[in-house]
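A short write-up of the structure that comes next.
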Amino acid sequence: MRRIQPRRVTAVSLVATDGGNNQLRFDPFLIQLVRVVDSSNNEYCLEAVTPNTRHELLEERHLDADGHGTTPLGRMMEFLKVRRLQELSPMLRPSSPDRPASPSWVGVYRELMEWAILFAILEKDFASDTLLVFDGLLRSKVFARDLFARLLEGMKARIQEKARSGRNLYLVGMAKHSKVLDRYRLAMRLEGVLDTSYPAYVEVPRDLEAKAYVWSEYARGNEVALEGGEANKFVGGKMFLVKFGSSRYDPIWPIDIFEPQKDKAQKILGYLLADAQAGFPVLHYPASLQKAHENAALVGFDLQVLQDQVFAAIHESLGKESGALDVFRLQDADPARRRY
């Protein structure tokens, strides 16, 4: 265990809206919004897709006729030298008469978009040293072949390029839950791990991490390949368990530090500690992540506009029978709530 000393730096978080953010009252199209924003309320992506959206249409949004990227996802595909979404991820296969596409592909598409925007942000000009906080661990199994490893190399090159120009970028991924923490939480309490009166962290050895997963490759780092093992294709971070509070009962969070920066863990976690100390309303959780989640949620006026668009599309498709929709909208959709 090591104590964390707070350090100050600009912190920026990136969050993608998930399916739980779309609470439409009536949605026969099963619309999902793919929306990615940061803690400064900069919106990088806003797309509406459904499980039946043709992948060819999505590819036209991101790549021009010459294969050049016109969006962050398109530029990531161009960097990885792929032209089709199914080449980017095997989970984005197009539907066929004998094998319809799984609705879960929308979640995969959203994750790819989030990685693409993170990759694009690393090209921006930063006014000062910056900590980038990714929502989730720095690992993924949605990419095909070794594309994720190539993307990580591209991210490493961009961070090194910024460092040469005098701007240090630090990348961490923070998750709310982890199988590693679930497996060892009781043992940590019995052994007094992170049972301290000050913020502290502990590094998770790869072999202990691998025992918590069904598929051990989800915990395989680059050091395994250096020892003659199978190459790392899914993991971009080194896991640490971190406690930001000063009480022995404060929550412990799983955090991935970008693999090339793991030797700077003390400095990076010090930056993250300063951000977590300002966290509200969730104590000891990074304020930038909380702000990004608040910005990503589809509520209020934005949600009403989306609901009105859904009703307008249904009204148009019904044609002469559209009057039935007006009657439907006036009916009480949830009569059971009258009990309360």
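Do the conditions hold for Asp135, that is, is it in contact with a strand residue (DSSP E or B) (Cβ under 6 Å, 6 or more places away or on another chain) and over 14 Å from Gln261 (Cα atoms)? For Asp135, the condition - in contact with a strand residue (DSSP E or B) (Cβ under 6 Å, 6 or more places away or on another chain) and over 14 Å from Gln261 (Cα atoms) - is met. Condition (residue is under 24 Å from Asn42 (Cα atoms) and either at pLDDT below 95 or among the polar types (S, T, N, Q) (or both)) applied to segment 251-274: is it met by at least one residue? Checked segment 251-274: at least one residue is under 24 Å from Asn42 (Cα atoms) and either at pLDDT below 95 or among the polar types (S, T, N, Q) (or both). What about Arg189, is it modelled with pLDDT under 95, farther than 30 Å from Val142 by Cα, assigned to a helix (DSSP H, G or I) and open to solvent by 50 Å² or more (accessible area, probe 1.4 Å)? When the stated conditions are applied, Arg189 passes them.
Scanning segment 192-204 for residues that are assigned to a loop (DSSP other than H, G, I, E, B) and under 18 Å from Lys238 (Cβ atoms) yields Val193, Leu194, Val204.
Would you point out the residue of segment 239-276, among those that are out of contact with any Pro (no Cβ under 6 Å at 6 or more places or on another chain) and in a loop (DSSP other than H, G, I, E, B), that is surrounded by the fewest Cβ atoms within 10 Å (Cβ to Cβ)? For segment 239-276, the residue satisfying everything is Tyr249. For segment 164-179, the criterion of being closer than 29 Å to Ala16 by Cα, outside any helix (DSSP H, G or I), open to solvent by 90 Å² or more (accessible area, probe 1.4 Å) and not basic (Lys, Arg) is satisfied by at least one residue. So is Ala231 open to solvent by 40 Å² or more (accessible area, probe 1.4 Å), at pLDDT below 95 and in contact with a helix residue (DSSP H, G or I) (Cβ under 6 Å, 6 or more places away or on another chain) or not? So Ala231 fits the description; yes. Restricting attention to segment 277-308, the residues that are without any contact (Cβ under 8 Å) to a residue 40 or more places away in the chain, open to solvent by less than 20 Å² (accessible area, probe 1.4 Å) and outside any loop (DSSP other than H, G, I, E, B) add up to 0. Every condition in (1) of a type outside the set (A, V, I, L, M, F, W, C); (2) at pLDDT below 95; (3) closer than 15 Å to Leu132 by Cα; (4) open to solvent by 10 Å² or more (accessible area, probe 1.4 Å) holds for Gly236 except the one numbered (4). All conditions but one from (1) part of a helix (DSSP H, G or I); (2) under 30 Å from Leu131 (Cα atoms) apply to Phe311; the one that does not is (2).
The values are calculated or read from the model by the stated rules, or taken from the named source; none is laboratory data. Computed from a predicted model, the values in this text were never measured in an experiment. In this analysis, Cβ positions are derived from the backbone assuming ideal geometry, glycine residues included, and neighbour counts consider all displayed protein chains. The protein model used for the area step is the full one, side chains on, heavy atoms only, and it has no ligands, DNA or RNA in it. Shrake-Rupley method; radii C 1.70, N 1.55, O 1.52, S 1.80 Å.
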